[in-house]
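The values are calculated or read from the model by the stated rules, or taken from the named source; none is laboratory data. These figures come from a predicted structure and were not determined experimentally. In this analysis, Cβ positions are derived from the backbone assuming ideal geometry, glycine residues included, and neighbour counts consider all displayed protein chains.
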Amino acid sequence: MRVDDPAQLLVQAKQSNRVALARLISIVERGGFGARELARLTWGQGDNSYLVGITGSPGAGKSTLTDRLISQVRARSQEVAVIAIDPTSPFSGGAILGDRVRMQEHATDQGVFIRSMATRGHLGGLALAVPDAARLLAHVGFPYVLIETVGVGQVEVEVVGAADTVVVVMTPGWGDAIQANKAGLMEVADVFIINKADRDGARETRRDLELMLEMSTFEGWVPPIIETVATEGKGIEDAFDAIESHRDYLERSGAGRRKREARILEEFTRIVHAEVSRKVDQLLADPSFQARKAEMVSGEIDPYSIASDLLGFEEEKGPESL
Ligand SMILES: Nc1nc2c(ncn2[C@@H]2O[C@H](COP(=O)(O)OP(=O)(O)OP(=O)(O)O)[C@@H](O)[C@H]2O)c(=O)[nH]1
Ligand SMILES: [Mg+2]
């Protein structure tokens, strides 16, 4: 047996073996063959799990808030897994340590699994690693999965936007609502949290948000705005209630099922893109291409022709062809 055999680890992880689960997350993180094998093993199950995405600007208090939400889930005797995505730091260092410290209260609780995840090795990056990780956690039986990510880049917004409920965390002051709007977070938000409401400016942020919401159109669900002071545990029950209300809404209206279907199709598209890109890398590394590269560089043949040959495409002629 391979040390990192996904099937074997999966059996162990389902028996609440946290070391095995941590190893599986590392497999997801690395991407490649192991991650693909794992995706095959976990596909199509875990529909009973609820995925909550928590995003917002750096330092908004996402981890502190997540820590408090864990307590809410645990108070209902449910198990919860948390993945904190760490897309930027080159080593699994600072940010991860910070997250761990902030969620340390739960470190000895067997019903809580917390992991930071970096996705640099993964060819599909964040876009594939996050759904892979969420599916894995659902598969091993966590009814609640929380994903924390900094909502700055387009891919991150897309990824977190695929969660069942998307929580966007802001802080008082005039900047955050505008930044969130620019980042495209307004379209994916299901619940807004104004954290650090102990600071000045919470009312202004609420007003900014309300104005932006007035200019948007909603079908069925209007995102509520909840104020919290995560460090003091204030407003946390309201925040959790808002998440649960959104969940009820998704179930009642059928929007939840549509969202999940859209998520699968989107994931599929990403997988195809990643697979094609992997194939292209293989072709470019092939020795037969190296010879042609010399012809291209010396001006004997143009790059378009080589690209067509390489990919096995017939060149399409006609006004509509790209
Ligand atoms: N005053 C105040 N400070 C808070 C509140 N919530 C969190 N903080 C503090 O804000 C800082 C950042 O909190 P984190 O929970 O790490 O924020 P984050 O959004 O997870 O940060 P990154 O993951 O690094 O983007 C910490 O020093 C917290 O103690 C709050 O409600 N009020
Ligand atoms: Mg954090």
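Overview of results
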{"item": "Residues of the range 48-68 satisfying the condition of being near ligand 1 (Cβ under 9 Å from one of its atoms) and assigned to a loop (DSSP other than H, G, I, E, B)", "result": "S57, P58, G59, A60, G61"}
{"item": "Residues being at pLDDT 95 or above and assigned to a strand (DSSP E or B) - total across the range 148-165", "result": "1"}
{"item": "Qualifying residue in the range 172-193 (condition: outside any helix (DSSP H, G or I), modelled with pLDDT of 90 or more, crowded, with 24+ Cβ neighbours inside 10 Å and within 16 Å of ligand 2 (Cβ to nearest atom))", "result": "yes"}
{"item": "Helices (runs of 4 or more DSSP H) (entirely within the range 210-304) containing at least 1 residues that are under 22 Å from the mean Cα position of the chain (by Cα)", "result": "236-253, 255-285"}
{"item": "Among the residues listed as T228, T217, the single one being out of contact with any Ser or Thr (no Cβ under 7 Å at 6 or more places or on another chain), surrounded by 14 or more Cβ atoms within 10 Å (Cβ to Cβ) and polar (S, T, N, Q)", "result": "T228"}
{"item": "Pair list, Cβ < 7 Å and 6+ apart or interchain, from the range 217-245 residues that are assigned by TED's automatic domain parsing to the domain that holds S71 to residues that are within 16 Å of ligand 2 (Cβ to nearest atom) and assigned to a strand (DSSP E or B)", "result": "I226/I193; T228/I193; A239/I193; I243/V52; I243/V167"}
{"item": "Residues (modelled with pLDDT of 60 or more and small (G, A, S)) located in the range 69-120", "result": "S71, A75, S77, A81, A84, A107, G111, S116, A118"}
{"item": "Cβ pairs under 6 Å, 6+ apart, first in the range 252-273 and under 18 Å from W221 (Cβ atoms), second assigned to a helix (DSSP H, G or I)", "result": "G256/L250"}
